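Here the structure is laid out as structure tokens; the discussion comes afterwards.
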Amino acid sequence: MWSAIIGIGTPTFFYREPVNVRKFIQKIDTMNGKQCFLFCTHGSIIGNTLYHMKEDLLKRGLLVIGSFDTYASSSLQFYPTPMHTAYHPDEIELEEAKNFGKNICDISLRIQKGEVDLIPKFELIEDTWWAKNSKMATPEFFRKFSPKLEINVDKCTKCLQCQENCPGDAINIEASPPEIQNEGCIFCWFCEKSCPVGAIEADWSPMKEFSKSNLKKYIEILKQAEREGKFRPYVDYEKMY
């Protein structure tokens with residue numbers, strides 16, 4: 001018997017799902033036995049994103065029956081533009097995503113009929129440099145070390161674009177003075193990047209210097225993925241150092 005399948009998607013943020021996605025999953029009503037699938041976009045490293053999502057969904061009674069992930073263009077203010085995964089997902093990855101969508105209902109039915117070996121297993125990786133960094137990347141860490149964002153009231157037009165698109169509901173442009181990075185901020189910095197008049201300002205130079213070593217590690221990981229036929233570069237790695 002066919003039943004609806006829930007799909008949950010997320011970007012990867014510092015090697016796992018963002019805090020707002022994590023909180024969303026943890027608040028889902030218990031649905032014992034309900035099937036779901038995961039899809040994820042990421043830069044050079046997917047990290048433990050799918051593992052953590054699966055574990056939290058299991059606590060809510062949901063069974064993850066499949067997952068799809070793809071490289072995607074990433075953009076952080078303290079890294080070069082374009083980044084190393086620019087122009088992804090490409091046509092090949094988009095076609096793979098379509099095929100995943102076509103096949104997931106068949107997988108659902110087969111699992112219901114007893115083919116439990118089709119249920120994916122996700123490994124928790126803990127002994128890599130990025131896994132150790134991921135454990136440090138808490139909201140408290142970012143609040144302490146992230147650049148302080150400031151709203152230039154002379155530039156701000158109060159269009160509310162940043163406030164309405166903040167995933168953490170952590171901006172209040174209508175306050176006097178305007179407030180930003182309030183409690184709930186997940187430090188995605190999307191507000192600064194998307195302000196149409198550049199009214200949100202920050203000094204990114206310390207993080208640019210700090211992130212140089214990570215950039216080299218990301219590129220080495222992608223070069224290995226390229227050798228294995230898992231990644232297709234569309235930018236020149238050497239120009240990014």
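All of the numbers you see were taken from the coordinates with simple rules; none came from a lab. Source: prediction; values computed, not measured. A quick note on method: Cβ atoms are made from the backbone with ideal geometry, for glycine too, and the neighbour counts reach across all protein chains shown.
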When the Karplus curve 6.51 cos²θ - 1.76 cosθ + 1.60 is applied with θ = phi - 60°, which whole-Hz ³J(HN,Hα) does each residue of segment 190-204 get, with x for Gly and Pro?
5, 4, 5, 6, 9, 4, x, 10, x, 7, 9, 10, 7, 9, 8
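For the pair Glu226 and Asp169, what calculated FRET efficiency results from E = 1/(1 + (r/R0)^6), where r is the Cβ-Cβ distance and R0 = 45 Å, to the nearest 0.05?
0.70
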From the backbone phi of segment 77-85, what are the Karplus-calculated ³J(HN,Hα) couplings (6.51 cos²θ - 1.76 cosθ + 1.60, θ = phi - 60°) in whole Hz, Gly and Pro given as x?
4, 9, 10, x, 10, x, 7, 5, 9
Nearest 500 deg cm²/dmol is fine: what mean residue ellipticity at 222 nm does the chain get from its DSSP H runs of n ≥ 4 alone, each adding -39,500 (n - 2.57), divided by its residue count?
-10500 deg cm²/dmol
Looking at the chain, what % of its DSSP beta bridges pair antiparallel, to the nearest 5?
15 percent
I need the phi-derived Karplus couplings for segment 38-51: 6.51 cos²θ - 1.76 cosθ + 1.60, θ = phi - 60°, integer Hz, Gly and Pro marked x.
10, 9, 8, 10, 7, x, 6, 10, 7, x, 9, 3, 5, 4
Can you match Rg and Dmax of the Cα atoms in Å to one of these, (1) 18.1, 58; (2) 22.8, 92; (3) 19.9, 64, based on a calculation from the structure here?
(3)
